[in-house]
Amino acid sequence: MNKSMFTASLLVLALSQINAHASDKAVRIATEGASPPWDAIDANGQLVGYDIDVGNELCRRMKVECTFVAQDWDGIIPALTVGKFDAIMSGMAITEKRKKSIAFSQPYGGGFNQLVMRKDLDLPATDTKAKINLTSVGKDQQVILDQVRATVAKKTLGVLRSSNSEAVLNELFGRVATIRSYDTQENLHLDLVAGRIDGGLADYFTWKTFLDSKDGDVAAFYGPELSGGLWGPGVGIGIRKEDADLVSAFNEAIAGSTKDGTLRELSVKWFGIDISPPPAE
Amino acid sequence: MSAFVTQFTHGLYVTILVATVSGALGTILGLFTAIIKLSQLRLPALIAQGYTTIVRGLPELLVILVIYFGGTAVITAISGRYIEINPLGAGIAALTVVFGAYCAEIFRGAINSISPGQWEAASSLGLSPWQAWLLVILPQMIRVALPAFGNLCVSLVKDTSLISVVGLTDIMRVAFVGAGSMRAPLTFYLAASALYLALTSLSLASFRLLERRFLVPGNEKG
Amino acid sequence: MRLDVIFESIGTLVDGVLLTFVLTILSLVIGLVVSVPLAFLRVSRNIFLSALVLTYTYVFRGTPLLVQLFLIYYGLGQLELVRQSLFWPLLREPFWCALLAFSLNSAAYTTEVFRGGIQSVPSGVVEAARALGLSRTMQMRLVIFPLAFRIVLPSYANEVIGMLKASSLASTVTLLEITGLARRMVSDTFAPFEVFLAAGLFYLLLTFAISKLFQALEAHLTLATLADKPQHPHGRARPAQWQFAGPRRLARNDASSEPPHTHDQRDHPIQPEKMGNHT
């Protein structure tokens, strides 16, 4: 550690002290703000979405003050572990890999994922309502997956960096297709519209918002609805492992708001359907 | 769209804030590093040399990523408890480290260009080493260092755009978010270019004025 | 600090060295080819052409490379006109977009580097060339440019190192060069510090190699011209040392013995004025 690093650390220390006291009680929740309807930044620069509404609802129940901060998806987990904020609510699926680094609350949402491909490729039609749980793939389902794999061969597919979809995409089609990882889903959309990529894999609702928009006309859903596998049991709140109290507080609040139907209401408000977790027995 | 005007105004404010604060801190850091490098203290001089060589040999983007992600981890490890660095603090710290390293080289060159006679004159007048530094060497050094220092400040303004990659809401970040959410990258990045060009032009012009101000009569360059 | 992650990263990042290399070298070559005629236009007596080139270099050196890259990558891709054009098969690929942005940027910096060099070629030499009856083109090709190149060699070395470092920005448009691979590894390992440290090692090694290469080249060229120019190329003798500095810095005080990346050219939009001293 040389002098300059030391000076820099001192500076950072000084800056951090200013914040340390102000946020004693408040819980800081990070969200990406670029994956509507989970989370997005509206035209006024405000964070909005299911994540934000649920977060505020849970905090109200926990009687703590919550502030949402926008944080790039890339590096959102390291930033949590070093204490830049206290929780992540960003449509983040609960997975085994992530559990090695952080703790998760119970799921506060479900959902599924799907491929989207450009329409001008004229690919053979598929059943977009078929459902495949990657945790247990049956014989018929394997046939469907193989068909999809054959059609996306030699195509370029985009996916959000550091996402589960990235891992799944690499696992399913990484050998046959070119995979490009984007820092935001919205930049992926830009390239899909521009025709730089032929398609991509992401959360169904993220796609839905885009496909319904003016530019979304160039692409459509393709192949079966995918869930399970690396995506895990659903979307949960990411919390530092040391903060066991916060995990249980959030779990209690999630159970409460599932029971009285608040989560279902919010889910219908943002997604049009109910993706809230089933109430615990 | 008008909401983005407000956001761009805020982004402009953040960019200027980051540039001025890290510029000021980096100048101090650079000056100290230069003095240490020229001193007879072997170990500190070696460390200072290592600092400037390493930082100047790395992409600025990488320095920022390392400080942003690694800095908090290091400080947390040292202090033994979680300490929050806000993105602003991380951004300023990262740019200070980068700016300081380049500054140190400029200052070192400028100090070296001052005749040793000045030093001898100062000591024969009975000035202590520190008085000599402050009263004799530094004022002369500034004039020599000014053109290169001005250029460095212009590039600092541009380097602030890299901070957007780690999430600070500066001009670049506003453009990035806007380009994505409004799906109009051309408009937003052109707007950002215009703002940066205005800022760099402004700093360039002010340094030209400063240089003229510091010019010693009869010492103009032919 | 997890040493295993560092070693693992080094193994993975090797794959990105080639792309970093290709991007850097190609941008530099294109930048060099474009910048030499531009530099001569920049110093030409035609005010209109000179101003045109100045506008180009001013804008490209006055805005962040990141903005330029995004403008070319996302901005151009937005235009229907571009997507229908001949160039789309190239501009469709992130590699070519990055190369275009880097080359334009490098050309702008290199143009100004050479402008400084051309202007510092002693006017007597140019007059002598003219007296020998060389045409304007031959003067430029045989006399002015070789001399200018020798003068700006240290600045050009900075441009080379600057370009190497700037190539890390390619990671922001999905390219997997050293930094791109590192950022992908971070999302796999959640160990940003270790991975970026490993990436830093690669860049340090490359910058070190480049500065050594240019030092050798400079020494070679200095030796070649030493016969007819025995005194120091910078003319004025530097102060030997200063007291506070101590005697051990004696031999290193001269500015010309600085490693080439003393002043990173990318960080210096305007050439230091002292280049004009030679005339």
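Bear in mind that the values in this text are calculations on the coordinates, not laboratory data. Source: prediction; values computed, not measured. When we count neighbours, we look across all protein chains shown, and the Cβ atoms used for this are built from the backbone with ideal geometry, even at glycine.
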Original post:
Using the alpha-carbon atoms, what tilt in degrees (0 to 90, nearest 10) does helix B:42-56 show relative to the longest principal axis of chain B?
Top reply: 40
Original post:
When you look at the Cβ of every residue in B:189-198, what mean number of other chain Cβ atoms sits within 10 Å?
Top reply: 5
Original post:
Which residue fluctuates the most in chain A, going by a Gaussian network model with Cα springs under 10 Å, if the choices are A:Ala125, A:Ala219, A:Ala167?
Top reply: A:Ala125
**OP:** Hand me the trypsin sites (Lys or Arg not before Pro) from the stretch A:119-211 located in a DSSP loop with no more than 14 other Cβ atoms within 10 Å, in residue order please.
**Re:** A:Lys129, A:Lys154, A:Arg175
Subject >> DSSP-assigned coil residues among trypsin sites (Lys or Arg not before Pro) in the stretch B:134-198, each with at most 14 further Cβ atoms within 10 Å >> reply: none
Original post:
List the cysteines of the protein assembly as shown that have no other Cys Cβ closer than 4.7 Å: which are they?
Top reply: B:Cys103, B:Cys153, C:Cys97
**OP:** Provide C:His220, A:His189, B:His10 in ascending order of the number of other Cβ atoms located within 10 Å of each residue's Cβ, fewest first.
**Re:** C:His220, B:His10, A:His189
Original post:
With a sphere of radius 13 Å drawn around the Cβ of A:Asp198, what net charge do the other residues whose Cβ falls strictly inside it have (Lys, Arg +1; Asp, Glu -1)?
Top reply: +4
Subject >> Which of C:Val33, B:Val174, C:Val143 has the fewest Cβ neighbours within 10 Å, and the rest in rising order >> reply: C:Val33, C:Val143, B:Val174
Original post:
Rg to Rh ratio, the stretch C:1-159, alpha-carbon atoms and Kirkwood radius?
Top reply: 1.10
**OP:** Nearest 5 is fine: what % of DSSP beta bridges in the stretch A:113-231 come out antiparallel, could you say?
**Re:** 50
Subject >> Peptide ranges A:74-83, C:171-180 listed from the most packed, as the mean C-beta count within 10 angstrom indicates >> reply: C:171-180, A:74-83
**OP:** Filter the cross-link list A:Lys119/A:Lys155; A:Lys63/A:Lys259; A:Lys154/A:Lys214; A:Lys154/A:Lys208 down to pairs whose alpha-carbon distance in this structure exceeds 23 Å.
**Re:** A:Lys154/A:Lys214; A:Lys154/A:Lys208
Original post:
Could you give the dipole magnitude of the protein assembly as shown about its Cα centre, charging the beta-carbon of Lys and Arg +1 and that of Asp and Glu -1, in debye to the nearest 20?
Top reply: 2540
Subject >> Length-normalised contact order for chain B - Cα pairs under 8 Å, 6+ apart - percent >> reply: 27
Subject >> Rounded, prolate or oblate (a/c below 1.5 giving rounded, otherwise prolate when a/b exceeds b/c) for chain B by Cα gyration tensor >> reply: oblate
**OP:** Starting from the Cα gyration tensor of chain A, take the square roots of the eigenvalues, sort them a ≥ b ≥ c, and report rounded, prolate or oblate (rounded when a/c is under 1.5, otherwise prolate if a/b is larger than b/c, else oblate).
**Re:** prolate
Subject >> Charge tally in the Cβ shell below 12 Å around C:Val121, where Lys, Arg are +1 and Asp, Glu are -1, C:Val121 excluded >> reply: +1
**OP:** Give the residues of the stretch C:67-81 whose amide nitrogen is closer than 13 Å to a point set 7 Å from the Cα of B:Leu186 in the direction of its Cβ.
**Re:** C:71-81
Subject >> Within 10 Å of each Cβ in B:158-166, the average number of Cβ atoms from other chains >> reply: 5
Subject >> GNM result for chain A, Cα springs below 10 Å: residue of A:Gly261, A:Gly234, A:Gly199 fluctuating most strongly >> reply: A:Gly261
Subject >> Kirkwood-based shape ratio for the protein assembly as shown, expressed as Rg/Rh from alpha carbons >> reply: 1.01
Original post:
Order of C:Ile72, B:Ile114, C:Ile161, C:Ile10 from fewest to most other C-beta atoms within 10 Å?
Top reply: C:Ile10, B:Ile114, C:Ile72, C:Ile161
**OP:** Kindly identify the stretch A:184-281 as rounded, prolate or oblate by the Cα gyration tensor criterion: order the square roots of the eigenvalues as a ≥ b ≥ c, call it rounded if a/c is under 1.5, otherwise compare a/b with b/c, prolate if a/b is larger, else oblate.
**Re:** prolate
Original post:
Between the helical axis of B:60-79 and the dominant principal axis of chain B, each derived from Cα atoms, what acute angle in degrees is found, rounded to the nearest 10?
Top reply: 80
**OP:** Measure nothing fancy, just the Cα-based angle from helix A:139-152's long axis to the longest principal axis of chain A, in degrees from 0 to 90, nearest 10.
**Re:** 90
Subject >> the stretch A:227-281 versus the stretch C:1-75: alpha-carbon centroid distance in Å >> reply: 47
Subject >> Helical contribution to [θ] at 222 nm, DSSP H n ≥ 4, -39,500 (n - 2.57), averaged over the protein assembly as shown, rounded to 500 >> reply: -19500 deg cm²/dmol
Original post:
What is the percent of Cα-Cα separations in the stretch A:113-231 that go past 17 Å?
Top reply: 51
